[in-house]
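A short write-up of the structure that comes next.
Bear in mind that the values in this text are calculations on the coordinates, not laboratory data. Small disclaimer: the values here were computed from a predicted structure and weren't measured. When we count neighbours, we look across all protein chains shown, and the Cβ atoms used for this are built from the backbone with ideal geometry, even at glycine.
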């Protein structure tokens, strides 16, 4: 394996996760691409140019190039508008490859269904296997929508079905996702490869909780609950706010110590009402305990995790939940919704807790039992670190490369036949 083409149409790996369309997928691409490069494999990531000031090619890391493909206007386009630019994007990708000798890339790896549509054509033109990671699936999301969220359009459902039918390998984060691909999309089980995502175990480590709180302007005795992620109905940050209001209602004395950190920016359907959470906090009369922060990266993000007593992941659907792993790696228990891949990312009452509903009362009870019980919290925190260490980006990368090689070998055999 010498060269890998990675397709990420709708979001660039250079963007800060936590707002807009940048999230766990961005982290996944960056972490696996840089580790492939360390193994001597050249990686080129194709993404849509969103500014005329962006260079045609940028270096993400030694051995990893990001190619900005001009497709449509430079200003931001919503994901629902991007299908109309896939032809232009595909043309840009094919032109880049045409400058090289045939066989320049060994494999093409597409991320999200929009990229899969481009990868489908690249596979045919370049005569290389297509490996596809969906990250989220429309049919799964539509089965677990938040009350005020918008269903994924039929165009996406059809597009995903096409990509599933054409890809040589489908990468699923968990056994649950693999089963969903087979059941809901009629995927060939022999083409589905389960590869759990990882966590940066060098960046996300246990640390000084009081020091992290001091850096954030929090008191050592505060009870700190945190949400980290994009602000949209799917991620359900409102569940944490409603649960916090329940906690204060049950124990009015808690108000003086409680701090709820909401770290992230609006995304998806949340872009329509970017101030909705601020208004909700006011309606719930907990504006004094809620603190909104912009997306954080690097050490600043690790500091947020270390400062928290509990990190909440109340999503309606998560193919995995990288935030849960990152928080646990920092020694912070996670309370998560029992959906998607979160039961894999969090061990129930071992490294955190899983909640079977989005009812605020249920969340308030679980959050209280951990955040206000030092013995319970410390036991979960200790186990959380060990659980997170079962996952690493090196292991993820090794599995992907094995999948690439297998797909290439089978593809060659089929061509010869």
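Taking the chain as a Gaussian network, where each spring joins two C-alpha atoms under 10 Å apart, which residue of 83, 17, 55 fluctuates the most?
Result for the chain, Cα springs under 10 Å: 55 fluctuates most.
Compute the length gained on full extension between residue 74 and residue 282: take 0.36 nm times their separation in residues and subtract their Cα-Cα distance, giving the result in nm to one decimal.
The span from residue 74 to residue 282 would gain 71.2 nm if fully extended.
What's the center-to-center distance, using Cα atoms, between region 131-148 and region 75-125 in Å?
22
How far apart, in nanometres, would the label points at residue 394 and residue 365 be if each is projected 7 angstrom from Cα along the Cα-to-Cβ direction?
4.3
What percent does the relative contact order of region 24-83 come to when contacts are Cα pairs within less than 8 Å and at least six residues apart?
Reported as a whole number, the value is 32 percent.
Evaluate the distance, in nm, between pseudo-label points positioned 7 Å from the Cα of residue 410 and of residue 99 along their respective Cα→Cβ axes.
In this crude label model, residue 410 to residue 99 measures out at 3.4 nm.
If I fit a long axis through the Cα atoms of helix 112-126 and take the longest principal axis of the Cα atoms of the chain, what angle between them do I get, 0 to 90°, rounded to 10?
Its long axis makes an angle of about 20 degrees.
Given axes a ≥ b ≥ c from the Cα gyration tensor, I'd like to know whether region 209-389 is rounded (a/c under 1.5), prolate (a/b larger than b/c) or oblate.
Taking the square roots of the gyration eigenvalues as a ≥ b ≥ c, region 209-389 is rounded.
Using r as the Cβ-Cβ distance of residue 373 and residue 38, and R0 as 60 Å, what FRET efficiency do you calculate, to the nearest 0.05?
Using R0 = 60 Å, I get an efficiency of 0.90.
Just to confirm the number: angle between the C-alpha axis of helix 237-250 and the first principal axis of the chain, 0 to 90 degrees, nearest 10?
Long axis of 237-250 versus the principal axis of the chain: about 10 degrees.
Given the options 371, 49, 147, state which has the largest fluctuation in a GNM of the chain using a 10 Å cut-off (strictly under) for Cα springs.
Top of the fluctuation ranking is 147.
Angle, helix 360-371 long axis vs. longest principal axis of the chain, Cα atoms, 0 to 90°, nearest 10?
Compared with the principal axis, the helix lies near 80 degrees.
Using the Cα gyration tensor of region 278-365, with a ≥ b ≥ c the square roots of its eigenvalues, what is the shape: rounded (a/c below 1.5), prolate (a/b larger than b/c) or oblate (neither)?
Note, shape of region 278-365 comes out oblate.
Let me check against my output: what whole-number percent is the relative contact order of the chain, with C-alpha pairs under 8 Å and at least 6 apart?
That works out to 16 percent.
Rounded, prolate or oblate: which fits region 175-252 when a ≥ b ≥ c are the square roots of the eigenvalues of the alpha-carbon gyration tensor, with rounded for a/c under 1.5 and prolate only if a/b beats b/c?
oblate
Based on the mean of other Cβ atoms within 10 Å per residue, sort peptides 116-122, 216-222, 349-355 so the most packed one is first.
116-122, 349-355, 216-222
Each label point is 7 Å from the Cα along the Cα-to-Cβ direction; what then is the distance between the points at residue 183 and residue 61, in nm?
3.6
In whole percent, what relative contact order does region 260-346 give with Cα contacts below 8 Å and a gap of six or more residues?
Contact order relative to length: 25 percent.
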